[in-house]
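The next block holds one structure in the form of structure tokens; read it before the comments.
The values are calculated or read from the model by the stated rules, or taken from the named source; none is laboratory data. No experiment lies behind these values; they were computed from the predicted model shown. Positions of Cβ are backbone-derived with ideal geometry, glycine not excepted, and every protein chain shown enters the neighbour counts. For accessibility, only protein heavy atoms count, side chains too; no ligands or nucleic acids. Shrake-Rupley method; radii C 1.70, N 1.55, O 1.52, S 1.80 Å.
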Amino acid sequence: MKRNNLSVGNKVVQSSPAVKQPKLGFYSSLSQTHTYTVLLDWGSLPHYVVLRIFQYLPLMDRAWASSVCRRWNEVFHIPDLWRKFEFELNKSATSNFNCTHPALIQQIIKKHAAHLQYVSFKVDSSTESAEAACDILSQLVNCSIQTLGLISTAKPSFMNVSKSHFVSALTVVFVNSKSLSSIKIEDTPVDDPSLKILVANNSDTLRCLKMSSCPHVSSDGILCVADHCQGLRELALNYYMLSDELLLALSSETHVNLEHLRIDVVSENPGQIKFLSVKKQSWDVLIKHSPGVNVVMYFFLYEEELETFFKEETPVTHLYFGRSISKAVLGRIGLNCPRLIELVVCANGLQALDNELICIAEHCKNLTALGLSECEVSCSAFIEFVRLCGRRLTQLSIMEEVLIPDDDYSLDEIHAEVSKYLGRVWFPDVMPLW
């Protein structure tokens, strides 16, 4: 019986019968592997395999690979490869990250704009880069974008762009996409009228809106979004946009459960001390409607500016203080933030926070993470805090200089005691010496 001929891709040269066959071993296996590799036709790989490989390649490498053969070039233009794209725009002389080549940008706009669904723009601190991003946005007229992100790697360069230019470019996407579900437009000159256009065209699909540090948006503008976008699950904004009316709108019977509310608290005016407070009743309505919502607050205020906050029960779950915070405010947090999960204090001063930390441990039964820096806590008080919290503390980041030795514990002893209550090995963080 004749043997069937093997295809070229699988053919292995046979030795003459007169030659003694060596035993299969490492070297013979290596030789066979090399034979298969040499004879393999990379151009015949299935499209889905090449597509998977291309998805892991940077854009320029992908472009170079597309010139290898016709089949690879066909894969390069498959719509699935262009659903997610990040435009990187910078002034090469002053930036450290790569820049999307202008020729590629034009090719994308010409051939793949209709395929784009998840789009982000990463720009450096230059106004020219932000203006280039706006120019691209204004050309995306035949698109169905679902996710849009505008990211400034340094200072908010979009704020240096003409407001009319930015709003005009952004509304092109708002009007033509009609399926936007997630938008990140923080530190931009977006305004109330453009938000109304967003709502008019994407109210049924919008799920996530991040727009902190947008000075041209008022509380009425964000309220319009909450009133009409009943599927909104995640919202990030500045404290001045927050109002009782907004919380009530997010808690209406027709609105889905809110999952994440981020609030950045910064001074809008130099020397500002008083901030409008939100009523406890409004917070209560929100929590009743969305009991699992994470309320995240970032504070960038001085001590005297914090007097308005935490005088009543506040359903915050994550608290981050970027500047010094007083003992009095920390004490109020322990008494009025029962839902607290994470607390980060970057500075306090030279007053020990012993009683305040213990109060937080006793009243904040959901606390699982704590970070302390540039403040002071006695070793005994810190160990008592850990004992009260126990193993629910999954994240504990404490700088070594925060802990003050006392009559009961030294720095050499504290890690063993803390590790015992946590059920795992723990050491304080140490600032590296360069």
| How many residues, within segment 396-434, are within 24 Å of Gln351 (Cα to Cα), open to solvent by 70 Å² or more (accessible area, probe 1.4 Å) and under 35 Å from the mean Cα position of the chain (by Cα)? | 5
| said: Just to verify a result, which residue in segment 72-90, among those that are more than 18 Å from Lys111 (Cα to Cα) and touching a helix residue (DSSP H, G or I) at 6+ places or on another chain (Cβ under 6 Å), is modelled with the lowest pLDDT? | reply: Asn90
| message | Kindly evaluate Val175 against the criterion of being open to solvent by 10 Å² or more (accessible area, probe 1.4 Å), among the β-branched types (Val, Ile, Thr) and closer than 28 Å to Ser218 by Cβ. | response | yes
| task | Being modelled with pLDDT of 95 or more, open to solvent by 20 Å² or more (accessible area, probe 1.4 Å) and outside any loop (DSSP other than H, G, I, E, B) is the filter; apply it to segment 239-279 and report the residue that is farthest from Lys311 (Cα to Cα). | result | His260
| said: I'd like the full set of residues that are under 21 Å from Gln146 (Cβ atoms), open to solvent by 10 Å² or more (accessible area, probe 1.4 Å) and in a loop (DSSP other than H, G, I, E, B), limited to segment 211-230. | reply: Gln230
| request: Go through segment 280-307 and give me each residue that's part of a loop (DSSP other than H, G, I, E, B), open to solvent by 40 Å² or more (accessible area, probe 1.4 Å) and among the polar types (S, T, N, Q). | output: none
| message | Condition (residue is of a type in the set (S, T, N, Q), in contact with a helix residue (DSSP H, G or I) (Cβ under 9 Å, 6 or more places away or on another chain) and outside any loop (DSSP other than H, G, I, E, B)) applied to segment 416-434: is it met by at least one residue? | response | no
| request: Go through the residues of segment 199-206 one by one and say whether even a single one is open to solvent by 30 Å² or more (accessible area, probe 1.4 Å) and aliphatic (A, V, I, L, M). | output: yes
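Yes or no: Ala132 buried (at least 19 other Cβ atoms within 10 Å of the Cβ) and over 17 Å from Cys214 (Cα atoms)?
Numbers: buried (at least 19 other Cβ atoms within 10 Å of the Cβ): yes; over 17 Å from Cys214 (Cα atoms): yes.
For Ala132, the condition - buried (at least 19 other Cβ atoms within 10 Å of the Cβ) and over 17 Å from Cys214 (Cα atoms) - is met.
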| remark: Restricted to segment 336-364 and to residues being more than 15 Å from Val386 (Cα to Cα) and among the aliphatic types (A, V, I, L, M), the residue surrounded by the fewest Cβ atoms within 10 Å (Cβ to Cβ) is Leu350
